Every structure is written in C-alpha cells, then in structure tokens.
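Novice: Structure below; questions to follow.
What follows draws every value from the coordinates through simple rules; no lab data is involved. The shown structure was predicted, so the numbers you read here are calculated from the model rather than taken from an experiment. Because the Cβ atoms are built from the backbone with ideal geometry, glycine has one as well, and the counts that use them run over all protein chains shown.
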Amino acid sequence: MDRAKLSRDPMCIISIMRSRIVTLTTDFGLKDPYVAEMKAVILNVCPHAVIVDITHEIEKFNIRMGAYMLASAAPYFPASTIHVAVVDPGVGTKRRSIVIQTKQGFFVGPDNGLLVLAAEKQGIVSAHEITNSRFMLPKVSFTFHGRDIFAPAAAHLLNGAKPEELGPEIRDVTHPEFAKVTEKNGAFIGEVLHVDGFGNIITNISEKELSHASEKATLDVDLLGRKLKLPLCQAYGEARLQEPLALIGSHGFLEIAINQGSAAHKFKVKAGDKIAVCPHKGT
C-alpha cells in the first residue's frame, strides 16, 4: 500500500479526519485557561486530533443545560466522533468518570446525567467507568478531571483504545430526572429542558411521544397550572403574530412558542418547570 499516495487522496484525508474528531462542551467559559489546557492534553496524546468546540458557555453547574446542548449538537457529527462534556459540580467526589459507547460514537465525562440525553438518542451500546491510570495524566487533581481524566481518555480513544481498556463495564449509568417523561391518562408529563434566546420553551417531550398526534392536532397543555389549548404547528409562522403555538423543534423536542414573541416571558416559565401535554381528544 502506497501511504504517500493515500495521504494525498481527498477521500482518505476525510476518512482520517472523521476518525479523529473530538468535541468539547463545558461551563468553563473562555476567560480562564481551562479549555486550552484540555486541548493541550488531547494534542499531546493525539497530535492529529480535530477539536471542535460545541460551547463553553453553559451556565455554571447547569447539568440540564449542558445535556440539552450536547444532545442537540452531537447527532450532526460524523460517526466515531468522541464528545467530551464537563459540567461537573461533583468533581473530586465519589461520582464516577465514564465513557459511553453508542451506535454513532463515544461520550466521555462525569456520571451525573450530563451525557445520557445525547447518548440515548444515538443508542447506547455499553458504558465503562474510567479507572485505568494508563489513560489519565500522571497526576490527577481533585478539581480538574476535564484535563486530567476526560481529555486524555478521549485522546486515547482517538488513537484506537477500546472502552473496555479504560475500565470495567457498568450498567447503572445515572439517568437524570430531566431526561424522564412519564405517561398518565393519555398525557405526557415532562419538564422544560431549556429556554432559548428567542424565549421558546423547549421541553423534554420528544417527537416520538407525540408520533400518534394528527398533523393538525390541538394539544392540551398544563404549564404551571395554566391550561392552554395550542395548535400543533410545523412552523412558527403558522400562528398569527404574537399568538402561542406548539411545534416539534429542529432538535426533535416539543416547543411552546409565540410567533415573534417570547413564550417564556409570557407564561413566566424557566428550565426545570413541569409540563403535561395531551393531544386534544376532540381532534
């Protein structure tokens, strides 16, 4: 095999780059050197890594927000991408460091619910606790596992290490409350995952839960005790100006919105608030 020729082949280059992509999602911001330190560790272990920043502007310690951002962006990366996420208020405690392998790639980070929303969307294959010191920095601090454990583990995965080499398999990965949707008397009960910059209320109720609703359905919505009857639209502009609506957003979650207005402001809703949704029996 002519390696020099292969290295000039555009398709080969694309294939190599796809197998070396690692993303970073954190609440670190960019004022401090923390993100750069993680990138430095990755590049020391895997010099050809392609590092993509999803965001470092997660609200401090907000696991729910980090989980939503990661779950929104991860599906659009090539197969075998490794996603490192660090929103870790429990760093240095007994919470585990884990790697989750899915049908599409890998997720590396703390076992606090941050990774599960994204991983489950891709289909979880296995999960392992990261315990093997060979895949960590020589000195592991109690306060910066992103640099000392997650970054090197991800880089070794980029180099071909198997998840089982990093540590033992686990079957009790933490499932956070914000990822759970229950059904009662035909209604889906969930919560608000995120409020975006437009004031759209993004819930954890997915397109799958509402798959049996008709295209022109009306939804009965209970939001903080406020009873709403909203049309299930395909686009924001299907409702009249400043009128509320429901739709399945671009990331597959049910949204409550107002055409050219802020639903969160109007209904005084924030992330974590409960919501119940039922396709209107009259439709």
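Novice: Taking the Cα centre of the range 180-279 as origin, work out the dipole magnitude from +1 charges on Lys and Arg Cβ and -1 charges on Asp and Glu Cβ, in debye rounded to 20.
Specialist: Dipole of the range 180-279, to the nearest 20 debye: 320 debye.
Novice: Another question about this same structure. What residues have an amide H closer than 5 Å to that of residue 217, excluding those fewer than 5 places away on the same chain, when H is modeled at 1.01 Å from N in the peptide plane?
Specialist: Answer set, sorted by chain and number: 232.
Novice: Another question, if that's okay. Could you tell me which of rounded, prolate or oblate describes the range 138-229, using a ≥ b ≥ c as the square roots of the eigenvalues of the alpha-carbon gyration tensor, with rounded for a/c under 1.5 and, failing that, prolate when a/b is larger than b/c and oblate otherwise?
Specialist: prolate
Novice: Can you give me the distance in nm between label points at residue 61 and residue 129, each placed 7 Å from the Cα along the Cα-to-Cβ direction?
Specialist: 2.5
Novice: Evaluate the relative contact order of the chain (contact order divided by residue number), counting alpha-carbon pairs under 8 angstrom at least 6 apart; express in whole percent.
Specialist: Normalised by residue count, the contact order of the chain is 14 percent.
Novice: Counting each DSSP H run of 4 or more residues in the chain as -39500 (n - 2.57), what helix-only mean residue ellipticity at 222 nm follows after dividing by all residues, to the nearest 500 deg cm²/dmol?
Specialist: Helix-only estimate at 222 nm: -6000 deg cm²/dmol.
Novice: If you consider only alpha-carbon coordinates, what radius of gyration and Dmax does the range 69-207 have, in Å?
Specialist: Values for the range 69-207 (Cα only, Rg and Dmax): 16.0, 55 Å.
Novice: Follow-up question, since we're still on this one. For residue 187, project a label point 7 Å along Cα to C-beta. Then give me every residue of the range 195-238 with its amide nitrogen under 11 Å of that point.
Specialist: The answer is 220-228, whose backbone nitrogens lie closer than 11 Å to the label point.
Novice: What do you get for Rg/Rh over the range 201-283 if you use C-alpha atoms and the Kirkwood form of Rh?
Specialist: 0.91
Novice: Please state, to two decimals, what the Cα-based radius of gyration of the range 3-166 comes to when divided by 2.2 N^0.38 Å (N = residues).
Specialist: Dividing the Cα Rg of the range 3-166 by 2.2 N^0.38 Å gives 0.98.
Novice: Give me a comma-separated list of calculated 3J(HN,Hα) values for the range 100-113, in order, Karplus coefficients 6.51, -1.76, 1.60 applied at θ = phi - 60°, integers in Hz, x for any Gly or Pro.
Specialist: Result, ordered by residue: 10, 8, 10, 6, 10, x, 9, 10, 10, x, x, 8, 10, x Hz.
Novice: Using a Gaussian network model on the chain with a 10 Å cutoff between Cα atoms, which of 83, 128, 212 fluctuates the most?
Specialist: Comparing 83, 128, 212 in a Gaussian network model of the chain, the most mobile one is 212.
Novice: Taking the dipole about the Cα centre of the range 145-283, with the C-beta of Lys and Arg at +1 and of Asp and Glu at -1, give me whichever of 188, 264, 161 is farthest to the positive side.
Specialist: Working it through, the farthest residue towards the positive pole turns out to be 264.
Novice: For residue 113, which sequence-distant residues (separation of 5 or more, or a different chain) have an amide H within less than 5 Å of its own amide H, given hydrogens modelled in the peptide plane?
Specialist: Those qualifying (amide H under 5 Å, at least 5 residues apart or on another chain) are 174.
Novice: Another question about this same structure. What relative contact order, as a whole-number percentage, does the range 180-279 give when Cα pairs under 8 Å and 6 or more residues apart are counted?
Specialist: 36
Novice: More than 30 Å apart: what percent of Cα pairs in the chain qualify?
Specialist: 38
Novice: Counting only DSSP beta bridges with both residues in the chain, what percent are antiparallel, rounded to the nearest 5?
Specialist: 75
Novice: Mind sorting 149, 258 by how few other Cβ atoms lie within 10 Å of their own Cβ, fewest first?
Specialist: Result, fewest neighbours first: 258, 149.
Novice: Next up: Can you return the lysines within cross-link range of residue 121? Criterion is Cα-Cα under 19 Å, with same-chain partners fewer than 8 residues away left out.
Specialist: Leaving aside lysines fewer than 8 places away in the same chain, those within reach of residue 121 are 103, 180, 208.
Novice: What residues qualify as long-range amide H neighbours of residue 204, i.e. H under 5 Å apart, gap of 5 or more or another chain, H built at 1.01 Å from N?
Specialist: 191, 193
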